[in-house]
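These notes concern the structure reproduced below.
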Amino acid sequence: MSLARTLAQARVDLLRVAELVAPTSRVLDVGCGDGELLRLLAEERSVDGRGIELSQQGVNDCVAKGLSVIQGDADADLVDYPDDAFDYVILSQTLQATRQPRVVLEHMLRIGRRAIVSVPNFGHWRIRAQVAFLGRMPVTKSLSHSWYDTPNIHFCTIADFVALAREVGATIDKSVALDLAGRPLNRMFSPWAWNLMGDQAIFLLHRKR
Amino acid sequence: MDSGVALAPLTIAYQTYGALNAAKSNALLICHALSGDQHVANPHPVTGRPGWWETMVGAGRPFDTNRFFVICSNVIGGCMGSTGPASVNPDRGQPYGLDFPIVTIADMVRAQALLIDHLGIDTLLCVAGGSMGGMQVLQWAATYPDRVFAALPIATAARHSSQNIAFHEVGRQAIMADPDWRGGRYLVEGTRPAKGLGVARMAAHITYLSESALHRKFGRNLQDRAARTFSFDADFQVESYLRHQGAIFVERFDPNSYLYMTRAMDYFDLAADYGGSLASAFKGSRTRFCVVSFTSDWLFPTTDSRAIVRALNAGGASVSFVEIETDRGHDAFLLDVPEFIDTTQGFIDAAARARGVD
């Protein structure tokens, strides 16, 4: 899924995600783009990685890097994967662009022993301010589309995602919120503060079998 | 052979391009389709036309003959030099005709493996092919997983669909209905069921294209005339084109071979050999796969390729899948489709890197 992200943000995001992955594990990266994260994981952590990517160019880029990537998307293709096929299933900045985020998350928790999800936070104070004071749908650096052409059809806040995780019976093992520069927010902050200050958040979750 | 019959003697006609390296690690095997042959990248000895995959095979192409040793053999049952129904039956001293045993995709692949043994090659860097060639690729990967480093099945299926069997039956009946077919003994009796084979080819050719490609190419345009002739002449360009396709095919293809090739495809159902589970056919495979389909291919639609991908995933195999956007139908795999060529190039180069081939 081609979400407009600046390169710098993407790198920070990917590095933070990569830190959560144990070496030599099996990973499925859903919406893997040009395969940067999968390559990073293969080189730095000797990970056996697979990907799913919607754009044909993205798949071609991945194939040329020697990565195993299937053209498809989270909504349509996760259903085909067997249970517990991977140690981690990663969905980076894509959940809000799926048709059925809850179903997608449940498939991730089924296919992978753990899921790693990063989501843009619609609860960030700048976004709240745009709605509250300008009365317009927010457009920010990390969510740069207008309401009429955005691929992001299911926005959530950090608090919303935490609630969804609880609803599907998942346990959040680790979480980190990043500010606009991609720096982790202080862990001592309250969840309320994360939801206000975080530009995005990354979660490591699992569901008991 | 799968039918239980032993076939001897066996001749396999093949072409090679490029040079085998000292480690014998740079060999690529191309499997041809129903109407193809081993002349991938050289002028055809009968028609003089360019090789059928020159977009892919040659210096600087994805199957780079400067770097790789490219092999393509005529399948058994074929008619370009490998043993087939037009070959002489040693028991009778005359062409086999319908006494030739039914050939399966697995038989073709076993024969190719004998050739690869003969060439002293243990593991192929890549086995690639489209349509019936893609079936052979899947069979190779299932039968000889350790001899296939990378597999590139294109516009194909793990089993031939009911609709495709139906089309093939139309073709076979056209050949058999030709009075010159003579129960398959036309070579002995000095006739040739050219009309029947031509019709079979015309019908099949339609299935290789797409509605939009036909429309773009011909529309309702008339052929060399200003108005309809109110006859059964080839008024329309598309009619003239199909007749031409039929006529040139008849020059180079043996009608009985056409029966055997179509039958081999009809019988192909890889899962059936593995207890009905396609995933079992690839279980534990260390081969890296790249499955390719084309959006407008209605003969081997993307759903067929996705079924292969699902099975490979379920079997834990390493698989990539690309669906190429094109309106050129099944035949797109033979044409100059840049995105497809890029995919192939990327896949083969990555496989070569992974195997340490320069």
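The values are calculated or read from the model by the stated rules, or taken from the named source; none is laboratory data. This one's a predicted model, so the numbers in the text were calculated from it and none came from an experiment. Cβ coordinates were reconstructed from backbone atoms using ideal geometry, including for glycine residues, and neighbour counts include every protein chain displayed.
Key figures for this structure:
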{"item": "Identity of the residue in the range B:320-340, at the interface with another protein chain (Cβ under 10 Å from one of its Cβ atoms) and outside any strand (DSSP E or B), that ends up surrounded by the fewest Cβ atoms within 10 Å (Cβ to Cβ)", "result": "B:E325"}
{"item": "Options B:T343, B:T262; residue that is buried (at least 21 other Cβ atoms within 10 Å of the Cβ), among the hydroxyl-bearing types (S, T, Y), within 10 Å of another protein chain (Cβ to nearest Cβ) and within 28 Å of B:P50 (Cα to Cα)", "result": "B:T343"}
{"item": "Residues (at the interface with chain A (Cβ under 9 Å from one of its Cβ atoms) and either among the β-branched types (V, I, T) or part of a loop (DSSP other than H, G, I, E, B) (or both)) located in the range B:299-319", "result": "B:V309, B:G316, B:A317, B:V319"}
{"item": "Single unsatisfied condition, B:S296 versus (1) under 21 Å from the mean Cα position of the chain (by Cα); (2) more than 13 Å from chain A (Cβ to nearest Cβ); (3) in a helix (DSSP H, G or I)", "result": "(3)"}
{"item": "Residue in the range A:111-125 that is under 30 Å from B:A150 (Cα atoms), within 14 Å of the chain's Cα centre (by Cα), within 14 Å of another protein chain (Cβ to nearest Cβ) and surrounded by 16 or more Cβ atoms within 10 Å (Cβ to Cβ) present", "result": "no"}
{"item": "Count of the range A:145-160 residues which are in contact (Cβ under 8 Å) with a residue 60 or more places away in the chain and touching a Ser or Thr at 6+ places or on another chain (Cβ under 9 Å)", "result": "1"}
{"item": "Residue count, the range A:69-81 (criterion: in contact with a strand residue (DSSP E or B) (Cβ under 6 Å, 6 or more places away or on another chain), at the interface with chain B (Cβ under 7 Å from one of its Cβ atoms) and surrounded by fewer than 24 Cβ atoms within 10 Å (Cβ to Cβ))", "result": "0"}
{"item": "Residue in the range A:90-101 that is closer than 28 Å to B:K283 by Cα, away from chain B (no Cβ under 14 Å) and out of contact with any Asp or Glu (no Cβ under 7 Å at 6 or more places or on another chain) present", "result": "yes"}
{"item": "Matching entry among B:D224, B:D233, B:D269 (being within 18 Å of the chain's Cα centre (by Cα) and not aromatic (F, W, Y))", "result": "B:D269"}
{"item": "Residues (over 14 Å from the mean Cα position of the chain (by Cα) and assigned to a strand (DSSP E or B)) located in the range B:109-129", "result": "B:L124, B:L125, B:C126"}
{"item": "Those helices (runs of 4 or more DSSP H) lying entirely in the range B:216-292 with at least 2 residues under 30 Å from B:V148 (Cβ atoms) and at pLDDT below 95", "result": "B:278-281"}
